[in-house]
1. Could you give me the ³J(HN,Hα) list for the stretch 112-121, computed from phi with Karplus coefficients 6.51, -1.76, 1.60 and θ = phi - 60°, whole Hz, x at Gly and Pro?
2. Return Asp202, Asp144 ranked ascending by Cβ neighbour count within 10 Å, so the fewest neighbours appear first.
3. With an 8 Å Cα cut-off and a minimum separation of 6 or more residues, compute the relative contact order for the stretch 110-208 in percent.
4. Give me, ordered by chain and number, the residues 5 or more places off Asp202 or on other chains with an amide H under 5 Å from its own placed amide H.
5. Amide H neighbours of Phe177 under 5 Å, counting only residues 5+ apart in sequence or on other chains, H built in-plane at 1.01 Å?
6. What is the magnitude of the charge dipole of the stretch 110-208 about its Cα centre, with +1 placed on the Cβ of each Lys and Arg, -1 on the Cβ of each Asp and Glu, and no other charges, expressed in debye to the nearest 20?
7. If you rank Phe66, Phe177 by fewest surrounding Cβ atoms within 10 Å, what's the result?
8. When we measure straight from the Cα of Lys207, which lysines land under 30 angstrom away, once same-chain ones fewer than 8 places off are left out?
Amino acid sequence: LCGLVCVGIGTWLVLDRYAVDSLAIASEKVQVTDDGLRELASKPAAVRQIGFLLIIGGIIVIVVSFMGCCGAAKEWRLLLCCYATCLMVILATQIAAAIYAVMHSHMFAQDFRQILKASLKLYNGTDTTSRMSDDTVLMKAAWDKIMIEKSCCGVDSKIGDFNESGWYQLTGRRHHFPPACCPPNKDGTLMEFCPTIARYGDGCYDKIKDSVQALSTHFKIVAWTVISIALIQ
């Protein structure tokens with residue numbers, strides 16, 4: 001039964017999707033020194049890694065339980081010894097997974113606004129050259145996807161959100177908001193430039209903070225589930 005619970009929760013974690021996924025993927029690929037961006041990149045990946053571990057662990061628990069039942073029924077000492085050893089290994093792994101989940105959930109939601117601001121500095125680069133690197137293109141694409149899908153602009157949809165970005169430098173500081181901050185044209189294309197008055201009124205922090213809270217909640221669910229199963233075992 002515990003094995004089936006682990007498989008079920010693991011599958012849920014692997015299949016779940018978050019609004020911060022695209023930004024996290026870009027942050028993972030971009031060569032940055034900012035600790036916050038590395039933390040952002042690690043969170044969705046860590047949730048799914050724990051999910052895969054739970055699926056694998058659940059399957060192992062089911063197999064080991066079957067082994068224990070057979071050993072008890074046939075009174076095979078060797079099989080029962082293997083069963084006890086496997087249970088100890090599984091218990092140690094579950095405790096480690098619970099500690100890992102608790103550590104990854106700590107303070108992430110509270111620091112997320114600063115993490116978004118740090119990633120926005122990489123929107124289309126952070127220098128004044130006209131050539132975009134592959135890294136900054138990834139970050140721009142991630143931010144554009146979030147802004148278009150969530151109908152939001154920057155971190156807080158305020159003038160100055162993009163002032164430290166490479167995009168702002170490349171445009172000669174003539175515009176405060178990129179095209180993705182405005183609703184698309186009727187044909188689905190983006191405006192060449194986004195007028196301040198036409199931008200989305202909501203910042204992306206408010207739009208995706210529920211996704212961030214969901215990440216932290218999932219870590220806590222994993223921790224308590226693993227602890228409960230470990231105690232039962």
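1. Along the stretch 112-121, the couplings run 5, 4, 5, 5, 4, 4, 5, 5, 5, 5 Hz.
2. Working: Asp202 15, Asp144 18.
Ordered by Cβ neighbours within 10 Å, fewest first: Asp202, Asp144.
3. Details: 162 pairs, mean separation 29.8, N = 99.
Here the relative contact order equals 30 percent.
4. Amide H to amide H, under 5 Å and 5 or more residues apart or across chains, Asp202 pairs with Cys153.
5. Cys194
6. Values: 13 positive and 13 negative charges, 37 e Å.
Dipole of the stretch 110-208, to the nearest 20 debye: 180 debye.
7. Values: Phe66 12, Phe177 25.
Listing Phe66, Phe177 from fewest to most nearby Cβ atoms yields Phe66, Phe177.
8. Correct list for Lys207: Lys29, Lys43, Lys117, Lys121, Lys140, Lys145, Lys150, Lys158, Lys186, Lys220.
Every number here is computed from the coordinates shown, using simple stated rules; none is lab data. All values reported here derive from a predicted model rather than from experimental measurement. Neighbour counts run over all protein chains shown; Cβ positions are idealised from the backbone, glycine included.
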